[in-house]
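Just so it is clear, none of the values below were taken in a lab; they were calculated from the coordinates. Everything numeric here is computed off the predicted structure, so don't read it as measured data. All Cβ positions, glycine included, derive from the backbone under ideal geometry; neighbour counts span all protein chains shown.
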């Protein structure tokens, strides 16, 4: 008895295989069995097949977010792997990558296995994790990278902290060449950033808040580019936020260096002016920058310099975000509205079309972390997202499956609604 799904009449967008046309997709035992313009559903009904009519909708590879914080272990009151996974499938994401800056830090194989076990129990989305580059994110002693890679860590980062010592970073890069995993960096030179809480400039001066100069990001990115010239290892710049970083990435890619980068929705949509009312929901790290930086990042996406769109979903308790701007934590919970935000930032202004957007949310991020996902190729695991591209909805934080509500987009009207999320051939979310 075969069990399966037949998705009919949808517009299939599969950038990995160069497909953008009306197609049917047959899924058998969790695997993509057939992709053709017309697949008859006769004879399947008695064989435990579910037929999904996707007319007027997009059928795409399961979306991938390579930068989320699920807060477990340590801060389960903000998010758990289970609540984060529920938020992910509701947002169309069939694969996510958790950051290791939990409490305790994900820094050995047992920690990596813990995340994987919790994800299996949640049975929603595929949850991958990165391990820490250094023990305790302290930037001094390398964490157990080899054991973590064996346990399935898809990369290493001290996200939340940049590795300040260039000698330690070079050692990490050289070490990573042995495991063929990516080293990801939160580019921030703390000596330049100091105790800053928003972008340094006119706005921070007016508000009387300490600023983080864009040079803090650019100086570390420039330094790391020199290091990867030496180490020749896959390197990923996380959530770049400045026009200067865009130019550094452009030059490095022109030099043929193995560098990739990601952009978060808030850096494509919001500017430092949003901090004018001291609303801590706009406090993120790297901070919201100026309009010229937003324009530069959008242009970088248009030019194909950006390799992944990543939410940097960072849930926090309301009580923490209600502290004054200086004391509140950095971060925005945006996983559940990420797709709509990308549509607003990139499709509506005509920067990207749907195939180009899907490319940056499927095949390309899968390549960054080296997983066999982001495609609807025959024989691949059936991770599929069905999207209604014209459905408008209002972002309402009270409906979030995430445990946290620290989202500045509440009340925004966005387009592009997830209709169904299929993970491993099972419907894990239906609108």
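For residue 291 and residue 251, calculate 0.36 nm times their separation in residues minus their Cα-Cα distance, and state this gained length in nm to one decimal. Don't skip to the end; give the middle numbers.
Values: separation 40, 0.36 × 40 = 14.40 nm, distance 2.23 nm.
The residue 291-residue 251 span can extend by a further 12.2 nm.
So for each of 13-21, 74-82 I average, over its residues, the number of other beta carbons within 10 Å; can you give me the resulting order with the highest mean first? Walk me through the numbers before you get to the answer.
Working: 13-21: 17.3, 74-82: 19.8.
Descending packing order for the listed peptides: 74-82, 13-21.
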### Query
So for the pair residue 50, residue 431, with labels modelled 7 Å out along Cα→Cβ, what separation do we get in nm?
1.7 nm
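With the cut-off at 1.5 for a/c, could you classify the stretch 365-415 from its C-alpha gyration tensor as rounded, prolate or oblate? Don't skip to the end; give the middle numbers.
On the way: a/c = 2.94, a/b = 1.92, b/c = 1.53.
The shape class here is prolate.
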### Task
Please report Rg over Rh for the stretch 222-301, where both radii come from the alpha carbon positions and Rh follows the Kirkwood definition.
1.05
### Task
Could you tell me how many degrees, from 0 to 90 and to the nearest 10, lie between the Cα long axis of helix 166-176 and the main elongation axis, the longest principal axis, of the Cα atoms of the chain?
20 degrees
### Task
May I ask for the angle, rounded to the nearest 10°, between helix 291-302 and the longest principal axis of the chain, with both axes built from Cα atoms and the value confined to 0 to 90°?
40 degrees
### Task
Kindly identify the stretch 73-222 as rounded, prolate or oblate by the Cα gyration tensor criterion: order the square roots of the eigenvalues as a ≥ b ≥ c, call it rounded if a/c is under 1.5, otherwise compare a/b with b/c, prolate if a/b is larger, else oblate.
oblate
### Query
Given the stretch 62-369, what percent of its DSSP beta bridges are antiparallel, to the nearest 5?
5 percent
### Query
Given labels modelled 7 Å from the Cα in the Cβ direction, how far is it in nm from residue 351 to residue 37?
3.6 nm
### Task
Note the angle between two axes, namely the Cα long axis of helix 109-122 and the longest principal axis of the Cα atoms of the chain, as a number of degrees from 0 to 90, rounded to the nearest 10.
40 degrees
### Task
Note the direction-averaged projected area, equal to a quarter of the hull surface, for the Cα convex hull of the chain, in nm².
19.3 nm²
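Report the gain in length on full extension from residue 394 to residue 330: 0.36 nm times residue separation, minus Cα-Cα distance, nm rounded to one decimal.
Values: separation 64, 0.36 × 64 = 23.04 nm, distance 2.45 nm.
Answer, rounded to one decimal: 20.6 nm.
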### Helix-only [θ]222 nm of the chain, DSSP H runs n ≥ 4, -39500 (n - 2.57) each, per residue, nearest 500
-8000 deg cm²/dmol
### FRET efficiency for residue 202 and residue 232, using Cβ-Cβ distance with R0 set to 45 Å, rounded to 0.05
0.65
### Message
Just to verify a number: FRET efficiency for residue 319 and residue 190, C-beta to C-beta distance, R0 = 35 Å, to 0.05?
### Response
0.85
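What does the extension gain come out to for residue 103 and residue 372, with contour length at 0.36 nm per residue minus their alpha carbon separation? Numbers along the way, then the final one.
On the way: separation 269, 0.36 × 269 = 96.84 nm, distance 2.96 nm.
Gain in length upon complete extension: 93.9 nm.
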